[in-house]
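S.K.: This is the structure I have questions about; it appears just below.
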Amino acid sequence: MSIADQVRAQLAARLADARAHDGGRLPSERALAQEYGVSRSTIREALRGLAGEGGVTAVHGSAWSVNTSTDQLARAFSLQLELGQMSEASLVESRLLLEPAIAHLAAARQNAPEIARLSHLHLLTAQAQDDARFLEHDIAFHEQLARCTGNGYLILALTPLMATLGSARPDRVADTDLKASVVAEHQAILGAVIDADAGGARALMERHVLSFAHNNALPLSDDLAGLIAPYQEDPSCPS
């Protein structure tokens with residue numbers, strides 16, 4: 001991995017903070033170069049990589065802003081949920097189609113810096129003391145897993161789905177036992193990714209999404225049977 005790729009991974013990890021605390025703006029290229037101890041050309045290459053993933057947009061000169069297009073899309077999704085034009089069951093279907101494949105690719109591609117960030121987010125989730133912070137880190141874990149694939153389209157597809165998940169029912173993680181279950185399932189997925197067990201990571205993510213549906217009493221359509229058939233015969237899997 002090039003130095004620019006390493007810097008891009010570190011910058012990607014701070015986009016949420018920049019959006020929340022810095023008015024959606026990143027420091028100048030010169031300031032970032034000094035912070036990371038690299039040249040401005042390296043910073044510029046890293047930022048262009050993030051721009052290709054939809055994470056940032058060049059404003060003018062050497063200024064960059066965090067891209068909020070996925071936030072706008074998430075707000076549109078949330079509004080459709082509120083109006084009854086989309087259902088949470090549809091959200092589960094979308095996650096079942098996307099996230100197991102994302103977990104598979106993350107394990108297969110072994111992007112070490114991104115996996116290190118994934119591990120850190122898992123730790124933050126486990127240590128979260130309040131519901132809002134827990135949900136924030138829970139969602140960030142799933143978004144970071146997409147970054148582990150190195151596929152910008154998957155990142156752009158998953159991010160608004162997860163943001164919708166957070167805004168639709170922010171009280172969903174209030175139960176202590178449920179939090180412990182989420183942390184344990186994340187730990188298992190992370191372990192499979194670290195071990196490069198692509199098939200295991202896929203299966204564990206499918207189980208994780210199905211657990212989410214079960215814990216929130218969300219119905220699944222019968223035509224999803226082909227996706228979840230391997231788990232219907234497993235007594236340890238929610239039905």
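S.K.: Keeping to the stretch 111-142, report how many residues are surrounded by 21 or more Cβ atoms within 10 Å (Cβ to Cβ) and of a type in the set (Ser, Thr, Tyr).
M.R.: 1
S.K.: Which ones in the stretch 191-212 are of a type outside the set (Asp, Glu) and part of a loop (DSSP other than H, G, I, E, B)?
M.R.: Correct list: ALA196 only.
S.K.: Continuing with this model, one more query. Would you point out which residue out of LEU158, LEU178, LEU145 is buried (at least 22 other Cβ atoms within 10 Å of the Cβ), under 15 Å from HIS208 (Cβ atoms), modelled with pLDDT under 90 and in the same structural domain as LEU210 (by TED's automatic domain parsing)?
M.R.: That would be LEU158, the only listed residue that is buried (at least 22 other Cβ atoms within 10 Å of the Cβ), under 15 Å from HIS208 (Cβ atoms), modelled with pLDDT under 90 and in the same structural domain as LEU210 (by TED's automatic domain parsing).
S.K.: Pick out the one residue from SER62, SER2 that is modelled with pLDDT under 90, among the polar types (S, T, N, Q) and surrounded by 17 or more Cβ atoms within 10 Å (Cβ to Cβ).
M.R.: Within the list SER62, SER2, the selection yields SER62.
S.K.: Tell me, which helices (runs of 4 or more DSSP H) wholly within the stretch 106-169 include 2 or more residues that are in contact with a Lys or Arg (Cβ under 7 Å, 6 or more places away or on another chain)?
M.R.: Hits in the stretch 106-169: 131-147, 152-168.
S.K.: Here is a further query. Would a scan of the stretch 32-48 turn up a residue that is surrounded by 15 or more Cβ atoms within 10 Å (Cβ to Cβ), of a type in the set (A, V, I, L, M, F, W, C), part of a helix (DSSP H, G or I) and at pLDDT below 90?
M.R.: no
S.K.: Exactly one condition in (1) within 30 Å of MET1 (Cα to Cα); (2) crowded, with 16+ Cβ neighbours inside 10 Å; (3) at pLDDT 90 or above is not met by ASN151; state its number.
M.R.: (3)
The values are calculated or read from the model by the stated rules, or taken from the named source; none is laboratory data. Being a predicted model, the structure only gives us computed values, none of them experimental. Using ideal geometry, Cβ is built from the backbone for each residue, glycine included, and neighbour counts are taken over all protein chains shown.
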